[in-house]
1. What are the pairs with Cβ atoms under 7 angstrom where one residue, in segment 105-128, is surrounded by fewer than 16 Cβ atoms within 10 Å (Cβ to Cβ) and the other, located anywhere, is among the small types (Gly, Ala, Ser)? Sequence gap at least six, or different chains.
2. So is Ala80 closer than 28 Å to Leu16 by Cβ, out of contact with any Ser or Thr (no Cβ under 7 Å at 6 or more places or on another chain), modelled with pLDDT of 90 or more and assigned to a helix (DSSP H, G or I) or not?
3. In segment 102-117, which residues are part of a helix (DSSP H, G or I) and within 30 Å of the chain's Cα centre (by Cα)?
4. Of all residues in segment 44-60, which are outside any helix (DSSP H, G or I) and either within 32 Å of the chain's Cα centre (by Cα) or surrounded by 13 or more Cβ atoms within 10 Å (Cβ to Cβ) (or both)?
5. Exactly one of (1) closer than 30 Å to Asp9 by Cβ; (2) touching a Ser or Thr at 6+ places or on another chain (Cβ under 9 Å) is unmet by Phe130. Its number?
6. Which one of these is assigned to a helix (DSSP H, G or I), under 15 Å from the mean Cα position of the chain (by Cα) and either surrounded by 17 or more Cβ atoms within 10 Å (Cβ to Cβ) or modelled with pLDDT of 90 or more (or both): Ile86, Ile67?
Amino acid sequence: MPAVDHVTDITHTIQLAVAPVFLLTALGTMLSVFSTRLGRIVDRSRVLGDRLPQAAKDRRDEMLDEIEVLGRRRHTVNVAITCATIAALLVCVLIAVAFVGSILHMDPARLIAGLFIAAMAAFITALVFFLREILLAVTRLPGRHARATQTGERPSAE
């Protein structure tokens, strides 16, 4: 096969790989968002853990409730991060399979389709767990903050 055909094949493969690369960019952005949320959850848990021994009894119960919710949120974000990372890895494998198929003159179309479907399933799962974490965050506000929100007061920052 002439060298021009090889260049054409590789050029075509690169063109086909552009869409998955955009998907990788989206996944990277989502992983950044998930990591930021996880960091905030961990930081808040540490603050509450440090304040817990000195807290008054009524405040201690609220703090323990909030720590429990933060634990569930942390687990949920961890699952979202895991799913998004799996999706990104599948997209990377998809791109590699496309290039290997092109170089070896194979037809990896079914494998590529399967990898893409698996990557999308993992990405959807990550987004579902992200939504779950958001819902936990907004529906399980600590008692004091929930009361302040209901009465129109501005809760104090801790």
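1. Listed pairs, sorted by first residue: Asp107/Gly101.
2. Details: closer than 28 Å to Leu16 by Cβ: no; out of contact with any Ser or Thr (no Cβ under 7 Å at 6 or more places or on another chain): yes; modelled with pLDDT of 90 or more: yes; assigned to a helix (DSSP H, G or I): yes.
Against the criterion (closer than 28 Å to Leu16 by Cβ, out of contact with any Ser or Thr (no Cβ under 7 Å at 6 or more places or on another chain), modelled with pLDDT of 90 or more and assigned to a helix (DSSP H, G or I)), Ala80 does not qualify.
3. Matches in segment 102-117: Ala109, Arg110, Leu111, Ile112, Ala113, Gly114, Leu115, Phe116, Ile117.
4. Ala55
5. So Phe130 meets the others, but not (1).
6. Working: Ile67 fails: under 15 Å from the mean Cα position of the chain (by Cα).
Every option except Ile86 fails the conditions.
The values are calculated or read from the model by the stated rules, or taken from the named source; none is laboratory data. As the structure is a computational prediction, the values presented were derived from the model and not from experiment. Note that we place each Cβ from the backbone using ideal geometry, even for glycine, and neighbour counts take in every protein chain shown.
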